[in-house]
Amino acid sequence: MHQLSEVECHRTVLTFDERIASLYQTKLKHTQEKWEAIGSMDFDDHGLVLPEPESRLPIQTISGSGVPITDILLKEYSIQSNHPSGGVFGPRAVGSNFRRLLELHPTYIDPMSSLAGAYRVNFMSYRNPAWNPDCAYPHLEPQIKKYKLIPGIGAVQHFCQDLSIGLTLGWGGILDKIHRFRTINVDDEAQALYDGLEATVLGIQNWIGRHGDEAARMAAQEENPQLRQNLIEIAAINRKLVTDPPATFREGLQWVLWYQIIGKMYNMGGSLGRIDQLLYPFYQRDKFKNMLTDEEAVFHLASYLVMDTSYMQLGGPDENGVDQTNELSFLVLEAAHRLKIPANIGVSVGKNSSEELLRRGVEIQFADHAGMPKFLGVDNTSEGFTRNGYPIELGRQRIYSGCHWCAIPGREYTMNDCVKINLAAVFETALNDFLSDENVEPSAENLFACYEKHLRCAVQATAECMDFHLDHMYNDFPELHLDLLCHGPIERGRDASHGGVEFYNLCLDAAGLATVADSFAALEQRLDREKRLSWKKLKETLDANWSGGEGERVRLMMRSVPRYGHGGTPADDWGIRIAQLFTDLVKEKPTPHGFNMIPGIFSWAANILYGLDVGATPNGRFAKAPISHGPNPDPGFRKDGAPTALANIVAVVQPGYGNTAPLQIELDPGTVRLENGVQLIVGYIRTHFELGGTQINLNIVDKQKILAADKDPNRYPDLVVRVTGFSAYFGSLSPEFRRMVVDRILQE
Amino acid sequence: MTGKIFHIQRFSIHDGPGIRTTVFLKGCPLSCFWCHNPEGISVSSELLYNPDKCIGCGACLQCCPNGVHLMETDQHILQRQNCTACGKCVQECFSGALEIAGLTLSVEEVMQEVLRDQAFYSRGGGVTLSGGEPLMQAAFSRAILQSCKEHAIHTAVETCGDVPWRQIETILPYTDLILMDLKLLDSDRHRAAVGRPNERILQNARLLAQQELPIEFRTPVIPTVNDGEELLALAGFVTELKQMRTRAGIAAELRWEWLAFHRLAGDKYKSLGRAYRAAALPLMPLSQLQELRKRVEREYFL
């Protein structure tokens, strides 16, 4: 895309494509600024636009993926703590502090865009400590430490609102709703929540209103008549949206954008859901009135996507199983295609889903090499959900709205992607315990029995942690943003984490499957069967992290057994067995407080972080090296890296209760150049889902380009990759994250 | 029944339509100097050695009954003439520096691997037999193809065509697509390039063209070998085959594809301890190849 010249910018009429090109260039500029001010960003791009340089306050903090990062705060704002620790806890204090941030949060208006607003600073970064020290959990800590659990205590968002509530009520209507129920639910918990919610809405209204004023001010100074008109419209739309619900497609998008940006500011929320359904009535109405062309709709959507990377589902069934793909589904894809920036858009693929939409999605993957869209096995996630005892109609309403996850909009609290069991860490604990017991004959089979015992303990301890979270979260950091658009929190006066919504299905994911499967296979083959090494000697070698005279040869010996994912190997059998064990243990019983748990297999990109906690493992992995990614085999699992072998094993290990175990796949552009390449990959995707798969994250990447970009990220500032469930600029990633992506692509 | 296989490639997408598994059989009557599967030429199993992976542990020296491996001043030397490809050293080589090209597998073992991807074949994919020359193991190839058909799997055979027609005939009932190489029309030049004349190949091509079976002739366009007028001559031959086919009232498709030369096989030659003569050949830019193709198509209305 070309940079618009001064002359072009001042021409009377700019085309939509020229304006999209300008949005793209602005996005690259923002990204460059972030590289310079923040450094590596190992997470979702989020559409963050840094505050103006004079307002920036850099701080050192810990990123969402647990690595030290620089974050940028707003100089003008500071927290008003309500606790000796300096923290801010409970709905009233959180709400009033967030309101103050909204009232100070700088405005953002790009005259080239049809929409106003940008996420510029994160409220969470001001909250230190994030968890109230009065609410400690020493009774849980020994197990957390022992198994290196990711227990989810204090986890935020990761469930999905129902945006139709907001699109119907508008902020004025939501405020009225709070006022109405405030008089009905008069208990302390409810009243505190209402105070927090009301403060949040008032802050939001202030912020939106300021954009209306700012747009009017900018319009008065704008010389280009087309852009001036655009700014006048932005001013009118936003002055209206302070209270009223949206009426047009553009207003609807602007409303959703406000809501999503506020979610990012509040607690990095990113669930969107079915944008093609939510906005379809607006689109149809505008089209019927001849107020909107498809080209204009694409432009509005591009104006949206450049500011928000939220997770959304296109197409897919309604509650009766009828596919809901519509014109808007294609326009959303088209807008993302024209932008070519990080975007998290999933295309539904099922028995009744649109072949045309899938085909278009694959074509865009081939054309853009930007990891977009991803593909959603909607039949398997909805049918799997019924195994928790729910009707299929409800399963179909559970939609894709986060990194690897689905939720029922506005009705379900999930803790998706927040709670993990590092299978490799549990394995390490089990191995140490096993080898310290001299009464047991060492063998892979006996070790598995010991592993089962420890994994059961880890699952139970995690369940207790989730109960603890659900007991206290509302009074620590309530979901003031998501509560506003859920069915129940306002009506009941209860935070979504504390009885506010209808369904509680808590996500519990396993991480490191291949690491453990390959370890069992290596032990079985090299120690039990071939007797090349004693268990004692192996333990010493592991403890020494494969150092010493024979260390490297032993490591290669353990590493060179046929691997998980190869197809038909003992390691495949171990992988299937471990995945089944994990699933069975999660489904053995609910949490002690009776909450349903749903198993999945997904490490996010935290497999790097989780690896830091684990010593050398018998699969030839070094201490502190990353554990395996999601349900994927480790790179090098087959010499030919056959994508079909990958798809087979990931389909087989699915837990099958409605949560996912996503297939991460990197394809060479050589596939793309085949005359039937699109059809081939369409077939591949469909077959994986027919075999039981739930989600596909696909990258089509040129090896040479990724290697060159790894060496010098500045040479490829526009290279986008799907890191895992999320996509990002490759150059924004830390060297460790880049290495992970490179290793996957090279398969070595 | 058993056969000698040097690779089974899943998600094979360049050897026939759709997603396929390609089974590579050992042994080829030709010896094209540019061959990108040199480990498939000999009928016997061979030891491959990749020095980049060798960690110098010396385990191969200790286990080899024939003294194939020598370690001289940190250099791992192979006395290949003594090697029986017994594979003992490979079992001890955990770095993967040593490998055997050519495993003896039963039809059932091949099918077990082939069937792993059966679900992916249903959308226009299937199984391809390649090599080497699969018809040098005609009975084994036939058995695999027959088993594939029993599983309703689409089958393709990639052949150089230099085998007795009676062997080709045996596989036709179980073959859905023939992929056949045509390299040069001039027999002397053919012999010079690949070590064998081409009369039998051309005769087999004519006979195949008379079968009610889709055929894709493939010509690897090799600089200095067949990158000029030779292609026009081949085009004349393909046109003749097409006309013959039309006269016989055969509706099945007959295509002619060109394959661009690449130099990716260098490491394989190194692993076999052989010289890679094609390393010196220039690469033809894709645009030049396309231009050539257009010219040939214009002249022959292909």
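The values are calculated or read from the model by the stated rules, or taken from the named source; none is laboratory data. Note that the structure is a prediction, hence the values are computed from the model and not measured. When we count neighbours, we look across all protein chains shown, and the Cβ atoms used for this are built from the backbone with ideal geometry, even at glycine.
Below are the figures for this structure:
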read-out: Matching residues in the stretch A:398-441 - criterion: being part of a helix (DSSP H, G or I), touching a residue at least 60 places away in the same chain (Cβ under 8 Å) and out of contact with any Ser or Thr (no Cβ under 8 Å at 6 or more places or on another chain); value: A:Ala425, A:Val426, A:Thr429, A:Leu431, A:Leu435
read-out: Condition check for B:Cys63: more than 20 Å from B:Asp267 (Cβ to Cβ) and either in contact (Cβ under 8 Å) with a residue 24 or more places away in the chain or within 14 Å of another protein chain (Cβ to nearest Cβ) (or both); value: yes
read-out: Leading residue by the ranking (surrounded by the most Cβ atoms within 10 Å (Cβ to Cβ)) among those in the stretch B:207-259 that are among the hydrophobic types (A, V, I, L, M, F, W, C) and without any contact (Cβ under 8 Å) to a residue 40 or more places away in the chain; value: B:Leu241
read-out: Some residue of the stretch A:167-185 being among the hydroxyl-bearing types (Ser, Thr, Tyr) and buried (at least 16 other Cβ atoms within 10 Å of the Cβ); value: no
read-out: All positions within the stretch A:563-572 that are outside any loop (DSSP other than H, G, I, E, B) and either within 14 Å of chain B (Cβ to nearest Cβ) or polar (S, T, N, Q) (or both); value: A:Asp572
read-out: Selection status of A:Thr462, within 26 Å of A:Pro662 (Cα to Cα) and assigned to a helix (DSSP H, G or I); value: yes
read-out: Test: A:Pro631 is within 26 Å of B:Ile8 (Cα to Cα), in contact (Cβ under 8 Å) with a residue 12 or more places away in the chain and either more than 14 Å from chain B (Cβ to nearest Cβ) or surrounded by fewer than 24 Cβ atoms within 10 Å (Cβ to Cβ) (or both); value: yes
read-out: Counted residues, the stretch A:519-553 - those being part of a helix (DSSP H, G or I), within 14 Å of chain B (Cβ to nearest Cβ) and either surrounded by 24 or more Cβ atoms within 10 Å (Cβ to Cβ) or acidic (Asp, Glu) (or both); value: 2
read-out: Selected residue (criterion: surrounded by the most Cβ atoms within 10 Å (Cβ to Cβ)) from residues of the stretch B:24-60 that are more than 14 Å from chain A (Cβ to nearest Cβ), of a type in the set (A, V, I, L, M, F, W, C) and assigned to a loop (DSSP other than H, G, I, E, B); value: B:Cys28
read-out: Set B:Glu113, B:Glu99: member being within 13 Å of chain A (Cβ to nearest Cβ), acidic (Asp, Glu), part of a helix (DSSP H, G or I) and under 25 Å from B:His36 (Cα atoms); value: B:Glu113
read-out: Meets criteria (in a helix (DSSP H, G or I), surrounded by fewer than 16 Cβ atoms within 10 Å (Cβ to Cβ) and within 13 Å of chain A (Cβ to nearest Cβ)) for B:Gln91; value: yes
read-out: Residue that is surrounded by the fewest Cβ atoms within 10 Å (Cβ to Cβ), among those in the stretch A:580-607 that are in a loop (DSSP other than H, G, I, E, B) and of a type in the set (S, T, N, Q); value: A:Thr591
read-out: Residue tally, condition touching a strand residue (DSSP E or B) at 6+ places or on another chain (Cβ under 9 Å), at pLDDT below 95 and within 8 Å of chain B (Cβ to nearest Cβ), over the stretch A:664-687; value: 1
read-out: Condition check for A:Ala642: at negative phi, within 14 Å of another protein chain (Cβ to nearest Cβ) and either in contact with a strand residue (DSSP E or B) (Cβ under 7 Å, 6 or more places away or on another chain) or surrounded by fewer than 16 Cβ atoms within 10 Å (Cβ to Cβ) (or both); value: yes
read-out: A:Lys453 being part of a helix (DSSP H, G or I), basic (Lys, Arg), farther than 30 Å from A:Val652 by Cα and free of Cβ contacts under 8 Å to residues at least 40 places away in the same chain; value: no
read-out: B:His14 outside any loop (DSSP other than H, G, I, E, B), closer than 30 Å to B:Val225 by Cα and within 13 Å of another protein chain (Cβ to nearest Cβ); value: no
read-out: Number of positions in the stretch B:168-186 that are surrounded by fewer than 19 Cβ atoms within 10 Å (Cβ to Cβ) and assigned to a helix (DSSP H, G or I); value: 5
read-out: Identity of the residue in the stretch A:688-707, within 13 Å of chain B (Cβ to nearest Cβ) and surrounded by 23 or more Cβ atoms within 10 Å (Cβ to Cβ), that ends up farthest from A:Gly384 (Cα to Cα); value: A:His688
read-out: Complete set of residues in the stretch A:211-240 that are surrounded by fewer than 19 Cβ atoms within 10 Å (Cβ to Cβ), within 24 Å of A:Gly172 (Cβ to Cβ) and in contact (Cβ under 8 Å) with a residue 60 or more places away in the chain; value: A:Glu233
read-out: Verdict on A:Thr183 being hydroxyl-bearing (Ser, Thr, Tyr) and out of contact with any helix residue (DSSP H, G or I) (no Cβ under 9 Å at 6 or more places or on another chain); value: yes
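Each row is one residue, and each column tells you yes or no for (1) among the basic types (Lys, Arg); (2) more than 14 Å from chain B (Cβ to nearest Cβ).
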{"position": "A:Val561", "(1), (2)": "no, no"}
{"position": "A:Asp584", "(1), (2)": "no, yes"}
{"position": "A:Lys589", "(1), (2)": "yes, yes"}
{"position": "A:Ile598", "(1), (2)": "no, yes"}
